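**Q** Starting off with a structure, shown below.
Quick note: the coordinates plus some simple rules give every number you see, no bench work behind them. Here the structure is a predicted model, which means the values were calculated and not measured. Cβ: placed from backbone, ideal geometry, glycine included. Neighbour counts: every protein chain shown.
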Amino acid sequence: MELGLKGKVVVVTGGGRGIGKTIALEFAKEGSHIAVCGRTPETLEATAKEATTMGVRTLAVRTDITKEAEVVSFMERVVTEFGHVDILVNNAAGSEGTMPIESVAVEKWTSAFATTPLGAVLCCREAVKSMLPRKEGVIINISSIRGKIGHPQMLPYASAKAGLESFTRSLAQGLGRSGIRVNAVVVGAVSNQQEDPKIIQRLTARAALQGKTLDQYIQEKLRDVPIGRLVESQEVADLTLFLASARSGAITGQSINCDGGRVQW
Ligand SMILES: NC(=O)c1ccc[n+]([C@@H]2O[C@H](COP(=O)([O-])OP(=O)(O)OC[C@H]3O[C@@H](n4cnc5c(N)ncnc54)[C@H](OP(=O)(O)O)[C@@H]3O)[C@@H](O)[C@H]2O)c1
């Protein structure tokens, strides 16, 4: 399917690794110019280098999305470099770990909410400044099924993602007549979890908390997934690109699950 994304200017936050990297490179394959941000310059440069080999223009800027001035400066650089922003993918997020309510320090709540939704809100505010005069643009917020169904041990993360989805709906209502669409991709457990040592460590700790091995924990998770497997980053990218394209012109304000059927609303 021709997506018509050639020449579009796409910003991907957290584009240096994981799902964000896959999304950025998929846009580059379609001929979009990409700007990536995150806190680790080396990983951003690697994404940009790979995208450049596909013949597109790239920009990699060290940016902590929880810092307002850094977000403003990043978006200004994107506009200086490319002229405007067509598509913003708010992918960057952290994890505050797994713990019950009585052990969640205030700092965990503030850091979760500083990234999601506030970091995404700041990115939207700055990107929209470039979209409004042109009366076109697309924003895609990468959320998690935890924002819908919650998680007893991931309270800040799940609450922050729920906030991101509520923000998505409100923003879509406000910007629809200005030609800007806003949607959320609601992701289930992704297979890149099994490649990143840090994530494996996190999941092993989460499993141990429930008295399980990592394998038992993953198999148990899969029991509730109708397709019986984890989601691929590529599948998240495919949905993101579809939502970024004019092929989804009537879709806005939605939280669309990419989770193998785990959540059915
Ligand atoms: N993997 C899954 O199973 C899964 C499931 C559901 C939803 N999701 C969602 O999918 C998205 C990507 O997940 P992932 O698994 O690819 O995560 P990941 O591998 O941990 O990557 C997160 C990215 O966000 C960046 N980031 C984090 N905090 C940042 C900040 N303050 N400022 C700028 N960049 C920041 C990181 O770069 P730096 O550290 O260099 O800043 C990194 O590039 C997230 O929104 C996540 O919640 C993932």
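**Q** Which aspartates and glutamates have a Cα less than 12 Å from the Cα of LYS135, not counting those fewer than 8 places away in the same chain?
**A** ASP86
**Q** Okay, moving on. Nearest 10 degrees is fine. How inclined is helix 120-131 to the longest principal axis of the chain, computing both from alpha carbons?
**A** 20 degrees
**Q** Between beta-carbons, use under 13 Å as the cut-off and find the net charge around GLU220, counting Lys and Arg +1, Asp and Glu -1. Walk me through the numbers before you get to the answer.
**A** On the way: positive: ARG206, LYS212, LYS221, ARG223, ARG262; negative: ASP215, ASP224.
Around GLU220, the charge tally is +3.
**Q** Also, quick follow-up: Counting only GluC sites (Glu not before Pro) that sit in a DSSP loop (anything but H, G, I, E, B) with at most 13 other Cβ atoms within 10 Å, what is the longest stretch of the chain containing none of them? Walk me through the numbers on the way to the answer.
**A** Numbers: sites that count: GLU2, GLU195.
With GluC sites (Glu not before Pro) excluded where exposed in loops, the chain gives 3-194 as its longest stretch.
**Q** Another question about this same structure. What is the sum of charges around ARG39, taking Lys and Arg as +1, Asp and Glu as -1, for the other residues whose C-beta is under 12 Å from the C-beta of ARG39? Mind dumping the intermediate values first?
**A** Working: positive: ARG17, ARG62, LYS67; negative: GLU42, ASP64, GLU70.
My count for the surroundings of ARG39 gives 0.
**Q** Work out, step by step, the length gained on full extension between GLU81 and GLN210: first 0.36 nm times the residue separation, then minus their alpha carbon distance; give nm to one decimal.
**A** Numbers: separation 129, 0.36 × 129 = 46.44 nm, distance 4.94 nm.
Taking GLU81 through GLN210 to full extension adds about 41.5 nm, to one decimal.
**Q** To check my understanding: the extent here is largest minus smallest coordinate of the Cα atoms along each principal axis. What are those three numbers for the chain, in Å, largest first?
**A** That works out to 54, 39, 37 Å along the principal axes.
**Q** Here is the link list: LYS161/LYS221; LYS29/LYS67; LYS29/LYS148; LYS8/LYS108; LYS8/LYS49. Which ones come out longer than 29 Å on Cα distance? Working shown, then result.
**A** Values: LYS161/LYS221 20 Å; LYS29/LYS67 31 Å; LYS29/LYS148 32 Å; LYS8/LYS108 37 Å; LYS8/LYS49 18 Å.
Correct reply: LYS29/LYS67; LYS29/LYS148; LYS8/LYS108.
**Q** Still on this structure, I have one more. With just the Cα atoms defining each centre, how far is the range 116-193 from the range 13-28? Give it in Å.
**A** Going from one Cα centre to the other spans 16 Å.
**Q** Suppose each label sits 7 Å from its Cα in the direction of the beta carbon; what would the HIS151-LYS108 distance come out to in nanometres?
**A** 1.2 nm
**Q** Hey, what do the phi angles of the range 96-101 turn into as Karplus ³J(HN,Hα) couplings, whole Hz, using 6.51/-1.76/1.60 and θ = phi - 60°, x for Gly and Pro?
**A** Using θ = phi - 60°, the values come out as 8, x, 10, 6, x, 3 Hz.
**Q** Cα gyration tensor of the range 80-215, axes a ≥ b ≥ c as square roots of the eigenvalues: rounded (a/c below 1.5), prolate (a/b > b/c) or oblate?
**A** Details: a/c = 2.54, a/b = 2.13, b/c = 1.20.
Cα axes put the range 80-215 in the prolate bin.
**Q** For helix 41-52, what angle does its Cα long axis make with the longest principal axis of the chain, in degrees from 0 to 90 and rounded to 10?
**A** Between the helix axis and the principal axis of the chain, the angle is about 60 degrees.
**Q** Shifting gears a bit: Hey, which aspartates and glutamates would be in cross-link range of LYS198, C-alpha to C-alpha under 14 Å, not counting anything within fewer than 8 residues on its own chain?
**A** GLU96
**Q** Run the numbers for ARG202 and LYS49: contour at 0.36 nm per residue of separation, minus the present Cα-Cα distance, in nm.
**A** On the way: separation 153, 0.36 × 153 = 55.08 nm, distance 2.96 nm.
Contour length minus Cα-Cα distance gives 52.1 nm.
**Q** Give the span of the range 191-230's Cα atoms along each principal axis, as three whole-Å numbers ordered largest to smallest.
**A** Between the extreme Cα coordinates on each principal axis of the range 191-230 lie 26, 23, 10 Å.
**Q** When the helix-only estimate is applied to the chain (DSSP H runs of n ≥ 4, each -39,500 (n - 2.57), divided by the residue count), what is the mean residue ellipticity at 222 nm, nearest 500 deg cm²/dmol?
**A** Counting only the DSSP helices, I get -14000 deg cm²/dmol.
**Q** Would you tally the net charge around SER166, using a Cβ to Cβ cut-off of less than 15 Å, leaving SER166 out, and scoring K and R as +1, D and E as -1? Could the numbers behind the result be given before it?
**A** On the way: positive: ARG146, LYS148, LYS161, ARG169; negative: GLU165.
It works out to a net charge of +3.
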